[in-house]
Amino acid sequence: MAREELRKKVDLAFLSAFYGGLLTENQRRVLSLHCEEDLSLAEIAEEVGISRQAVHETISRAAARLNEMEASLGVAARFRRMESGLEEALSAMRNHEYDRAEHLLSDLLALDQEETNGL
């Protein structure tokens, strides 16, 4: 599988973890088979009982919906920023860079407050 295709599947699965509940049951099932089970369109079509084209359209619609939600809400991007910041702070602490760790954690708390107040 091409690296780009794999990245797209991982990104879709990641967004689905945050916004999957906003998809239809059919979209969730098809997306799960596509991203998590790594089934081909033909295998998904057989499993779900729809055409290959319908599988492709379902994945495309689900991906568009997930990307639309992320563009509007940014929850997944916020999660990634927080996770990255926490990893940096932990690394700083392990390296006995306590002032840097404190600064990173303060920035994360400010970011959290800013985004919480903005909602």
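Among the residues of region 64-119, the ones that are surrounded by 12 or more Cβ atoms within 10 Å (Cβ to Cβ) and among the aromatic types (F, W, Y) come to 1 in all.
Restricting attention to region 67-119, the residues being under 21 Å from the mean Cα position of the chain (by Cα) and without any contact (Cβ under 8 Å) to a residue 60 or more places away in the chain number 26.
Could you say which residue among E68, E87, E43 is closer than 24 Å to A2 by Cβ, outside any loop (DSSP other than H, G, I, E, B), at pLDDT 95 or above and acidic (D, E)?
None of the other options fit; the residue is E43.
For every residue, the table says whether it meets (1) touching a His at 6+ places or on another chain (Cβ under 9 Å); (2) over 17 Å from R80 (Cβ atoms); (3) in a helix (DSSP H, G or I).
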| residue | (1), (2), (3) |
| --- | --- |
| F14 | no, no, yes |
| A17 | no, no, yes |
| Q27 | no, yes, yes |
| V30 | no, yes, yes |
| H34 | no, yes, yes |
| L39 | no, yes, no |
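Taking residues in region 44-66 that are in contact (Cβ under 8 Å) with a residue 24 or more places away in the chain and basic (K, R), and partners anywhere that are surrounded by fewer than 16 Cβ atoms within 10 Å (Cβ to Cβ) and part of a helix (DSSP H, G or I), the pairs with Cβ atoms closer than 9 Å and at least 6 places apart or on different chains are R65/L22.
The values are calculated or read from the model by the stated rules, or taken from the named source; none is laboratory data. Given the structure is predicted, the values throughout are model-derived calculations rather than measurements. Cβ coordinates were reconstructed from backbone atoms using ideal geometry, including for glycine residues, and neighbour counts include every protein chain displayed.
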